[in-house]
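Below is one structure, written out as structure tokens; the observations come after it.
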Amino acid sequence: MKNLLIPEIKLKQGANRRIKSGSPWVYSNEIDMTQETKQIPSGTIVKLFDAQNTFMGVGSFNMHSLIAFRKFAGDIQTEINEDFIVKKLNKALFVRNALINSPFYRLIHSEADGLPGLIVDRFDDIIAVQINTAGMELLKTQIVNALDKVLNPKCIVLRAESNARALEGLEPLYEVVKGNLPDVVPVRENGIYFFADLKDGQKTGWFYDQRENRSFIGKLAPNKRCVDFYTYAGGFALHTAIGRAKEVIGIDRSETALNLAKLAAEKNNVTDKVSWIKDNSFDVLENFYQDKEKFGVVICDPPAFAKNKKDIQAGLRGYRKMAHLAARIVEHDGFLALGSCSHHVKPDEFFEECSRGIIEAGKTGKLIYQAGAGPDHPVHPQLPETAYLKMLVYQLD
């Protein structure tokens, strides 16, 4: 499609400050919703102008979404097509290959890589794709073709069941568009072998964002009892086991996830020091305290406690409770690692609630490590929401 045929939309008077400052998002209440604008099909690529007819960008438009416009490019001549996606993929690939020495990483991290609404995770020659917006849904064929050109993988699976799709008016998506998808997909991280479920696992099947944080915590493990709550497929647990822990326990309420963790323990020859508990993490935290269990390293990296803005206060209380319960089972001079992937919870809020929880447990200590996601999850400078991951590690007295 040539840009001359692309529909044009306009901002309301005075509503250009956000996008002029570099944000790639425009909210629906900032757009002049004329009758012509309302007729534009969801996901259509449009040209955006402000009220003074100054060009603001090329992007996708969905009048039914709170984020109505998502900017792809700032050049009015840019065509959003397969070639455009190929260029973005190659640019992202260059950075990942420079940073990570194995073909297991997040290749595209949505707005931060210039492809809003698109997530691409690489598992060597298997590619998992999340399409979270109406704009990317209309580009589905071009995305698949571009991935074929750049990586020529054996398998491409499209999978997205997130709330983001529902907010865009889209149904859940699952489609293997190339090759055959195995029931279990190998993953290699920091020299450790894992297994992911790209059919029924969470998100794309694996959480690459914690790679560097897992490596750090693994270094704290030698000769210690370690426990990993919300272990999922064993990410932190196996890092501590490989890190010469004396004993490791992984807890998760998903039997499917724990089966993947057990496979990884066998592959890495650490089954003799790792055990698994299928249960609710909060219940196990309480039981361990009642049984006077103590650990040198305690890790809590739960799913998001605040999935939307109305859940923020409840989520903050949940993080404080988690820190409180977990701090009680940390031995003297042991380590407590607390994670949050709730982008609605700000880093300072997470830190405050975790610190309060530790104090309420009758513990003191010091923060020795504070981090976010790894470099394959870049942050868009004008979108603080993309800095969603928070990891705190304390040493407790």
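The values are calculated or read from the model by the stated rules, or taken from the named source; none is laboratory data. These numbers come from a predicted model, not from an experiment. Neighbour counts run over all protein chains shown; Cβ positions are idealised from the backbone, glycine included. SASA here: full protein model, heavy atoms, side chains in, ligands and nucleic acids out. Shrake-Rupley method; radii C 1.70, N 1.55, O 1.52, S 1.80 Å.
Using only the Cα atoms of the stretch 63-113, what semi-axes does the equivalent ellipsoid have when each is the square root of 5 times a gyration tensor eigenvalue? Give whole Å, largest first.
Largest first, the stretch 63-113 gives 26, 15, 8 Å.
Run a plain Debye calculation on the stretch 332-397 (Cα atoms as equal point scatterers, no solvent) and give log10 I(q)/I(0) at q = 0.16, 0.20, 0.22 Å⁻¹, rounded to two decimals, same order as the q list.
With one equal scatterer per Cα and no solvent, log10 I(q)/I(0) is -0.56, -0.79, -0.90.
Can you work out the FRET efficiency for the pair residue 282 and residue 149, with r the C-beta to C-beta distance and R0 = 56 Å, to the nearest 0.05? Before the final figure, lay out each step's value.
Numbers: r = 47 Å, r/R0 = 0.84.
Given R0 = 56 Å and the Cβ-Cβ separation, E is 0.75.
Within the accessible area of the stretch 131-176, what % is carbon and sulfur when the probe is 1.4 Å and the other protein chains stay in place? Please report the intermediate quantities before stating the final value.
Details: 1050 of 2110 Å².
The nonpolar share, carbon plus sulfur, comes to 50 percent.
What do you get for the angle between helix 312-327 and the principal long axis of the chain? Use alpha-carbon atoms, 0 to 90 degrees, nearest ten.
Value to nearest ten degrees: 20.
If you roll a 1.4 angstrom probe over the protein chains with everything in place, what fraction of the accessible area of the stretch 44-125 belongs to carbon and sulfur, to the nearest %? Mind dumping the intermediate values first?
Working: 1550 of 3120 Å².
Carbon with sulfur: 50 percent of the solvent-accessible area.
Relative to the compact-globule scaling 2.2 N^0.38 Å, provide the ratio for the alpha-carbon radius of gyration of the stretch 250-299.
That works out to 1.24 for the stretch 250-299.
Using only the alpha carbon atoms of the stretch 43-163, find the Kirkwood hydrodynamic radius as the inverse mean reciprocal pair distance, in angstroms to one decimal. Provide the component values of the computation, followed by the final result.
Details: mean 1/r = 0.0668 Å⁻¹.
Final number for the Kirkwood radius of the stretch 43-163 is 15.0 Å.
Estimate the FRET efficiency between residue 94 and residue 275 by the formula 1/(1 + (r/R0)^6), using the beta-carbon distance for r and 56 Å for R0, to the nearest 0.05. Please list the in-between numbers first.
Working: r = 42 Å, r/R0 = 0.75.
With a Förster radius of 56 Å, E is 0.85.
To the nearest 20 Debye, how big is the dipole of the stretch 185-309 about its Cα centre, given +1 on the beta carbon of each Lys and Arg and -1 on that of each Asp and Glu?
Values: 19 positive and 17 negative charges, 75 e Å.
Computed about the Cα centre, the dipole is about 360 debye.
Can you find, among 147, 195, 181, the residue farthest towards the positive end of the dipole of the stretch 119-262? Put +1 on the C-beta of Lys and Arg, -1 on that of Asp and Glu.
Highest projection toward the positive end goes to 195.
How many Å² of accessible area per residue for the chain, probe 1.4 Å? Numbers along the way, then the final one.
Numbers: 17700 Å² over 397 residues.
Per-residue value: 45 Å².
How far, in nm, would the chain grow between residue 246 and residue 175 when pulled straight, counting 0.36 nm per residue and subtracting the alpha carbon separation?
Details: separation 71, 0.36 × 71 = 25.56 nm, distance 4.28 nm.
Answer, rounded to one decimal: 21.3 nm.
Using only the alpha-carbon atoms, what does the stretch 13-92 span along each of its principal axes? Please give whole angstrom values in decreasing order.
37, 27, 21
Determine the dipole magnitude for the stretch 28-148: charges of +1 sit on the beta-carbon of Lys and Arg, -1 on that of Asp and Glu, nothing else is charged, the reference point is the Cα centre, and the result goes in debye to the nearest 20.
Values: 11 positive and 15 negative charges, 38 e Å.
For this selection, approximately 180 debye.
With +1 on each Lys and Arg Cβ and -1 on each Asp and Glu Cβ, and nothing else charged, work out how big the dipole of the chain is about its Cα centre, in Debye to the nearest 20. Numbers along the way, then the final one.
On the way: 51 positive and 49 negative charges, 115 e Å.
In total the dipole reaches around 560 debye.
How large is the direction-averaged shadow of the alpha-carbon convex hull of the chain, in nm²?
Numbers: hull surface 77.7 nm².
Quarter of the Cα hull surface area: 19.4 nm².
Among 38/87; 219/294; 278/321, which pairs are too far apart, with a Cα-Cα distance over 30 Å?
On the way: 38/87 32 Å; 219/294 19 Å; 278/321 21 Å.
Going by Cα-Cα distance, 38/87 fall outside the 30 Å limit.
Run the numbers for residue 141 and residue 55: contour at 0.36 nm per residue of separation, minus the present Cα-Cα distance, in nm. Before the final figure, lay out each step's value.
Numbers: separation 86, 0.36 × 86 = 30.96 nm, distance 2.83 nm.
In short, 28.1 nm is gained.
Take every Cα-Cα pair in the stretch 256-397 and report what % of them are more than 26 Å apart. Working shown, then result.
Details: 3112 of 10011 pairs.
Counting pairs separated by more than 26 Å, the tail of P(r) holds 31 percent.
For the chain, take the longest principal axis of its alpha carbons; what is the angle in degrees between that and the long axis of helix 140-151, to the nearest 10 within 0 to 90?
Helix 140-151 and the main axis of the chain meet at about 60 degrees.
For the stretch 285-384, which whole percent of the accessible surface, found with a 1.4 angstrom probe, sits on carbon and sulfur atoms? Spell out each step's value before the answer.
Details: 2430 of 4770 Å².
Here it works out to 51 percent.
Taking the alpha-carbon set of the stretch 168-251, what are its Rg and Dmax in Å?
15.4, 51
Would you kindly find the accessible area of residue 231, with a 1.4 Å probe and non-protein molecules such as ligands, DNA and RNA excluded, rounding to the nearest 10 Å²?
Estimated to the nearest 10 Å², residue 231 gives 10 Å².
Extending each Cα 7 Å along its Cβ direction at residue 64 and residue 332, get the distance between those two points in nm, one decimal.
My value for the distance between the label points is 6.2 nm.
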